[in-house]
Amino acid sequence: KNQVEQSPQSLIILEGKNCTLQCNYTVSPFSNLRWYKQDTGRGPVSLTIMTFSENTKSNGRYTATLDADTKQSSLHITASQLSDSASYICVVSDRGSTLGRLYFGRGTQLTVWP
Amino acid sequence: EADIYQTPRYLVIGTGKKITLECSQTMGHDKMYWYQQDPGMELHLIHYSYGVNSTEKGDLSSESTVSRIRTEHFPLTLESARPSHTSQYLCASSGQGASGNTIYFGEGSWLTVV
């Protein structure tokens, strides 16, 4: 069964600190992995997208890594800001269908305290 | 910034009422999707479309229906709303990018059925 598991479920950090969010998946055949940021009551916004051949990708203070062999990804946030408080969702796409079906994790709820 | 719009953002309606959630995108994307998301849970695909006059049901059984008469428009309709339909509904569209399909989400429509 194709699944995407994220950890931790929730995380609280102080402003200015770094943090790392984890994503493990069993989706096969793998196409790409995306990280989204979803503010409360809003739609998800894309942070990064990585294909099989990409190991790391950065978007400002966000750096995503991908190990396709172990089927793990991480999202590292540097020098956190209050505006980083949100749910971070890992989404994995397969290439077994024309649609490129998406499998969503439940997200990690990050709270940044001043 | 994504050019995909949903209306209404928030709606409270009575049981048995008919409701249509609107979704429009101006990016010329062929693929469009409707997801349902309960608070703290993952997104579930309820409908998708490859293009005009093409609609398919997603993974999660839904009593809603969709239509795709124009490329830019993908409305979702509930003929007779029930309290179990209370949820957030997210519309998305996708187009080809350098790393594969980039998926853009609308801001979501929060539906409460009383």
Practice task
Give me a count of the residues in the stretch A:1-26 that are under 22 Å from B:Asp38 (Cβ atoms) and either more than 11 Å from chain B (Cβ to nearest Cβ) or surrounded by fewer than 19 Cβ atoms within 10 Å (Cβ to Cβ) (or both).
Solution key: 12
Practice task
Determine if the stretch B:46-55 includes at least one residue that is within 9 Å of chain A (Cβ to nearest Cβ) and surrounded by 14 or more Cβ atoms within 10 Å (Cβ to Cβ).
Solution key: yes
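Could you check, for the stretch A:57-79, whether at least one of its residues is free of Cβ contacts under 8 Å to residues at least 24 places away in the same chain and within 11 Å of chain B (Cβ to nearest Cβ)? Outline the logic, then answer.
Initial filter on the stretch A:57-79 (free of Cβ contacts under 8 Å to residues at least 24 places away in the same chain): A:57-61, A:63, A:65, A:67, A:69-70.
From what is left, the residues that are within 11 Å of chain B (Cβ to nearest Cβ) are A:57.
The answer is yes; a qualifying residue exists.
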Fill in the blank from the handout: Every listed condition ((1) part of a strand (DSSP E or B); (2) within 13 Å of chain B (Cβ to nearest Cβ)) holds for A:Ser53 save (1)
Problem - Subset of the stretch A:43-56 [at pLDDT below 95 and over 29 Å from B:Asp38 (Cα atoms)] - result: A:Phe52, A:Ser53, A:Glu54, A:Asn55
Practice task
Taking A:Thr56 as the residue in question, decide whether it is β-branched (Val, Ile, Thr) and within 23 Å of B:Thr102 (Cβ to Cβ).
Solution key: yes
Practice task
Output the residues belonging to the stretch A:43-62 that are crowded, with 20+ Cβ neighbours inside 10 Å and over 13 Å from A:His76 (Cα atoms).
Solution key: A:Gly43, A:Pro44, A:Ile49, A:Met50
Exercise for the section: Check the stretch B:86-100 and report whether any residue there is aliphatic (A, V, I, L, M), at pLDDT 95 or above and exposed (fewer than 13 other Cβ atoms within 10 Å of the Cβ). Expected result: no
Practice task
Please work out if A:Ser74 is farther than 21 Å from A:Thr40 by Cα and in contact with a strand residue (DSSP E or B) (Cβ under 9 Å, 6 or more places away or on another chain).
Solution key: yes
Exercise for the section: Check off (1) within 13 Å of chain B (Cβ to nearest Cβ); (2) open to solvent by less than 60 Å² (accessible area, probe 1.4 Å); (3) among the β-branched types (Val, Ile, Thr) for A:Val112 and give me the number that stays unchecked. Expected result: (1)
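Given the options B:Ser109, B:Ser62, name the one that is at pLDDT below 95, in contact with a strand residue (DSSP E or B) (Cβ under 8 Å, 6 or more places away or on another chain) and crowded, with 18+ Cβ neighbours inside 10 Å. If you could, list the steps in order and put the result at the bottom.
Details: B:Ser109 fails: at pLDDT below 95.
Criteria check complete, one pass: B:Ser62.
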Exercise for the section: Would you be able to say whether some residue in the stretch A:31-42 is more than 30 Å from B:Pro8 (Cα to Cα), open to solvent by 20 Å² or more (accessible area, probe 1.4 Å) and in a strand (DSSP E or B)? Expected result: yes
Practice task
Filter the stretch B:1-45 down to residues that are β-branched (Val, Ile, Thr) and open to solvent by 60 Å² or more (accessible area, probe 1.4 Å), then give me how many there are.
Solution key: 4
Practice task
Scan the stretch A:6-53 residue by residue and report those that are of a type in the set (Asp, Glu) and under 22 Å from B:Tyr104 (Cα atoms).
Solution key: A:Asp39
Handout entry: Output for the stretch B:65-81, where each listed residue is surrounded by 13 or more Cβ atoms within 10 Å (Cβ to Cβ) and in a loop (DSSP other than H, G, I, E, B)
Key = B:Ser67, B:Arg68, B:Thr71, B:Glu72, B:Phe74, B:Pro75, B:Ala81
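The values are calculated or read from the model by the stated rules, or taken from the named source; none is laboratory data. Treat the numbers as computed from the prediction; the structure is a model and nothing was measured. Because the Cβ atoms are built from the backbone with ideal geometry, glycine has one as well, and the counts that use them run over all protein chains shown. Areas reflect the complete protein model, heavy atoms only, side chains present, ligands, DNA and RNA absent. Shrake-Rupley method; radii C 1.70, N 1.55, O 1.52, S 1.80 Å.
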